[in-house]
Structures are given as structure tokens and as C-alpha cells.
1. When the chain is fully extended, how far beyond the present Cα-Cα distance does residue 146 get from residue 311, taking 0.36 nm per residue of separation?
2. According to the Cα gyration tensor, what semi-axes, each the square root of 5 times an eigenvalue, does the equivalent ellipsoid of the stretch 370-437 have, listed from largest to smallest in whole Å?
3. Of all trypsin sites (Lys or Arg not before Pro) in the stretch 151-212, which ones are in loop regions per DSSP and have a Cβ with at most 12 other Cβ atoms within 10 Å?
4. Using a basic spin-label model with each label point 7 Å from the Cα along Cα→Cβ, how many nm lie between residue 231 and residue 69?
5. Could you compute Rg(Cα) / (2.2 N^0.38 Å) for the chain, with N its residue count?
6. Can you pull out the chymotrypsin sites (Phe, Trp or Tyr not before Pro) in the stretch 104-162 that DSSP calls coil and that have at most 11 other Cβ atoms within 10 Å?
7. Tally Lys/Arg at +1 and Asp/Glu at -1 over every other residue whose Cβ is under 12 Å from the Cβ of residue 296; what's the total?
8. How far is helix 26-39 tilted, in degrees, relative to the longest principal axis of the Cα atoms in the chain, given as a value from 0 to 90 rounded to the nearest 10?
Amino acid sequence: NKRERVYIMSRIVTIHPAKEIHRYGFESTQVYRARIARHLGLEYVHLVSSPQLRPDWKKDLIKLGFLEKELICVPHSFSDIGHADLSVKPESLTLADGDQVELNEDGFVASVTLADGSGRYYYTKGPFLFEDFKEKELRWYHGNGELALEGRFIDPFKEPSPVTIFYPEYIYRIGGEIRSEEDLLVKFLARWAQQTDLFIRDQQIVPKPSLWRYMENTDKNYYEVVHENVMRDLRLANLRKANRYLVASEVLTDTLAKQGYDTKFLPPMFTENPGQIKEVGPVLDYCLVGHMGEGKNVELVIEAFIDLYKRGSKAQITFYGGTEERLAELQNQYDLPPTIHFKGIVNEVPYHLHQCYLSASYTELFANACVEALNQGLLALLSDVEIAHRFYAGQSNAINLFKTKSELIQKIEEMEEPDFYLSNEKNLALASRYSLEKVAQTYRELLDRNF
């Protein structure tokens with residue numbers, strides 16, 4: 001069956017710069033995508049378009065949940081040893097005094113930082129990349145020591161660039177030509193891409209005219225992801241009618257379709273192993289999950305719980321996520337009562353230990369963590385903000401909204417009353433809309449275009 005054969009050959013390919021590695025960002029959505037590809041029996045490829053200047057760079061992404069074989073760094077691929085396994089033993093190196101060697105956990109050389117301050121070599125089965133600290137340049141080498149590719153970091157807002165770039169990034173010289181990161185990506189795709197691939201680029205906000213041209217001219221199955229509320233300022237969203245968009249919200253999918261854009265709703269995650277239907281109450285245990293950045297408005301929640309403690313409330317809250325620096329900053333800012341707990345970044349949030357999910361975010365398009373919590377049978381108390389929070393509250397009586405700190409305090413006190421009970425049934429029903437099987441079916445439809 002030709003249709004079946006083509007489907008099995010298909011790959012799901014994410015294109016993303018991977019400039020920062022967070023568990024609670026784009027990457028969590030991309031790990032869900034990788035898991036769906038595996039569920040469908042398809043190859044997943046995480047195509048990283050920016051140079052990865054970290055010793056043994058794959059290990060950070062493997063920790064997030066990707067498999068080693070799924071990772072390709074585009075600039076590294078221009079070196080014939082750029083993706084080789086690390087295999088150099090430290091005793092085989094000739095070092096100068098003060099050179100610093102970093103080993104991976106297997107004892108192989110991952111990088112050597114030169115004592116004279118000139119730069120750092122990154123290793124696989126040999127030195128394949130040199131980061132020149134003085135010139136702010138990168139040089140990739142083949143296994144035989146021949147130069148494969150050169151890169152230089154340019155900020156177009158501060159200095160002229162010989163090629164068109166829209167944001168600070170590396171530009172490259174290869175075979176006498178100068179190319180932008182995007183042009184290098186297109187050069188890579190020209191020899192690597194297959195017609196059966198499904199390409200998904202996760203940063204629609206950054207315009208990529210050469211990539212768009214390549215995808216359109218070669219008739220590739222290409223989508224870009226809209227992951228934030230672009231309606232707040234459509235002029236800044238860089239949307240175009242010729243592109244196809246996967247939108248992380250049912251509401252926004254319809255709004256953009258009415259404006260004439262080609263959109264399809266794609267949940268940025270999926271749910272599995274749902275919790276039990278039960279009555280929850282009185283509510284004394286809350287959790288909040290996120291990167292603790294500005295958009296999450298965690299200060300309002302901390303201040304509310306400080307006030308609640310002073311008023312004799314027994315309600316507790318546990319925060320998951322946030323860097324050590326950010327958590328230290330919050331802890332220094334407030335005199336925290338024993339009812340506020342910070343757990344930092346964890347591999348898996350233990351939602352089942354809590355009764356209610358709380359979010360004071362200024363805006364949410366899909367709210368992954370909220371849906372994960374609903375799937376575990378938690379109640380939810382959410383800021384009254386557009387798209388996700390209001391949409392979910394409209395679907396379930398086990399989701400409460402608040403507008404102000406005093407309203408948040410009032411709701412928590414009401415839910416703490418000894419006679420307060422609420423069934424989580426509608427929250428479980430809401431989360432089941434995004435089950436693995438339903439989301440996998442959407443991917444099947446996206447792949448189906450090739451048949």
C-alpha cells in the first residue's frame with residue numbers, strides 16, 4: 001500500500017534555534033511532539049539552527065527528553081565530525097600550562113579552554129569547533145583539520161551586516177560565500193530534506209523569507225507555530241497569508257481564520273493517564289508551575305499568601321520552576337511564611353500531591369501546566385485573562401477566575417471553608433480533549449497532505 005509506505009517514511013521535523021534550554025518553554029512542547037512521532041512509529045528530528053556553544057551540547061537536550069539520534073545542529077553538520085561521538089581521552093592531548101579541559105561523564109574530552117584567553121575548542125572525536133573569544137568568531141573543522149565553515153556574530157542594530165538579518169545572530173562564510181543563519185539552513189535542507197517530511201518551525205515571530213521561498217518553491221509540507229496572542233498587535237506578528245499556521249488555541253485559530261489566515265488548531269501538549277473523578281475540598285494545598293518570569297505575575301500570588309498567613313489561613317502553595325537566581329531574588333524580596341514553598345525545576349511536577357492549580361499569568365494562549373493539572377484531577381483558580389483562562393472557565397464549573405489580589409484572597413478563604421467541596425469531573429473532561437490519541441490524529445492529518 002503506497003499510502004501506508006509513504007506515511008511510514010515520513011519524518012516530523014522541528015526547526016528551532018535552541019538558544020536557551022528551558023524545561024518550561026518551547027522545549028516542553030517540542031518534547032511532546034517528539035513523543036507523538038515515536039507513538040506514531042515515525043522518525044522525529046530536532047533541527048537546531050543556531051550553533052550550540054556548550055561542551056557535549058546534546059546532553060542538555062537529552063535531559064529534556066529528546067533522544068540523541070533525534071538531534072541535528074545545522075552549523076555543526078557542515079563539519080564531517082560535528083555529530084560524532086565524543087571519544088578523545090584527556091591523556092592524548094598536548095596542553096599548555098593552565099589550559100582547562102572539560103570532560104563528559106564518560107571521561108572523554110568535551111572542550112579545552114586555552115590558558116591564553118584566546119578561545120575554546122569543542123570536541124567530538126577530535127576538535128571540530130573553535131570559539132575565538134577575541135574576534136567573536138567560530139571556526140568549524142573537518143576530522144583532517146581542514147576548515148569547514150566560519151561564523152561571526154553580528155548585531156544588525158549596532159553594525160552593518162553583509163547579508164540581510166533581522167535579529168542578532170551568526171553569519172557564515174562557506175566556500176567563498178557569506179550566508180545568514182537562515183541561508184545556511186536552506187543550504188542544509190536542500191541536500192537533506194525529503195518530500196514526505198512534515199516541517200514545523202516554532203518561532204513564527206521571526207521572519208524567514210529565504211526559508212519561506214525554499215519551502216514554497218519545493219512544495220514542502222511546512223507550518224509555523226503561533227504560540228502567543230498575536231491579536232494584541234497583529235502588525236508585529238509577521239503573519240502572512242501564504243504561510244500555514246498551527247495555533248495553540250481553539251479561540252485564536254478561529255479568530256485568525258476569520259482574518260483570512262490558513263490556520264489549524266494544534267494543542268502544544270497531550271494528556272495521558274487521567275486522575276480519578278472525585279469531590280475536592282476543603283482546599284488547603286495549591287501549586288503554581290512556570291518559569292517564574294514577568295508574565296507569570298508570581299509576586300501577586302506570593303503577596304496574597306503572605307496576607308493569608310497573617311489572617312490565620314492554613315492554605316499552602318508550592319511553586320515549581322524558575323532558575324536558582326530567580327528564586328533567590330524572590331526569597332530575598334519577601335519575608336516568606338512557612339506556607340510558601342519553592343521547589344525549583346523538577347523532572348516531573350507531582351500535581352497529585354496538590355488540590356488546586358493556581359495561575360496569575362497576564363496572558364495564556366494554551367496554558368500547558370494548567371491542562372496537565374486538570375488532567376490529574378485538580379481544581380483551578382486562574383487570573384481572569386483572555387484566551388486560555390477564560391476559555392477553560394467557560395467549559396468547567398471547577399475552574400474559578402479572579403481579577404485582583406483581594407479577590408484571590410477571598411476565593412482561597414471561601415475554598416478553605418470546612419463545607420467546601422467541588423467535583424473535578426468537568427476538569428477531567430476538558431483535559432481529555434487533548435488526549436494523546438486525539439493529538440496524534442491531528443498529526444496524522446498534517447502528514448496526510450503527502451498522499
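Quick note: the coordinates plus some simple rules give every number you see, no bench work behind them. In this text the structure is predicted, and so the values were computed from the model without any measurement. Here Cβ is always computed from backbone atoms with ideal geometry, including for glycine, and neighbour counts include all displayed protein chains.
1. Details: separation 165, 0.36 × 165 = 59.40 nm, distance 7.04 nm.
Difference between extended and current length: 52.4 nm.
2. They are 22, 15, 8 Å, listed largest first.
3. Hits after loop and neighbour filter: 158.
4. 4.4
5. On the way: Rg = 24.5 Å, N = 451, 2.2 N^0.38 = 22.4 Å.
Normalised Cα radius of gyration, the chain: 1.09.
6. On the way: sites: 108, 121, 122, 123, 128, 130, 133, 140, 141, 153, 157; in loops: 108, 133, 157.
Answer by residue number: 157.
7. After counting each charged neighbour, the total is -2.
8. Around 80 degrees separate the two axes.
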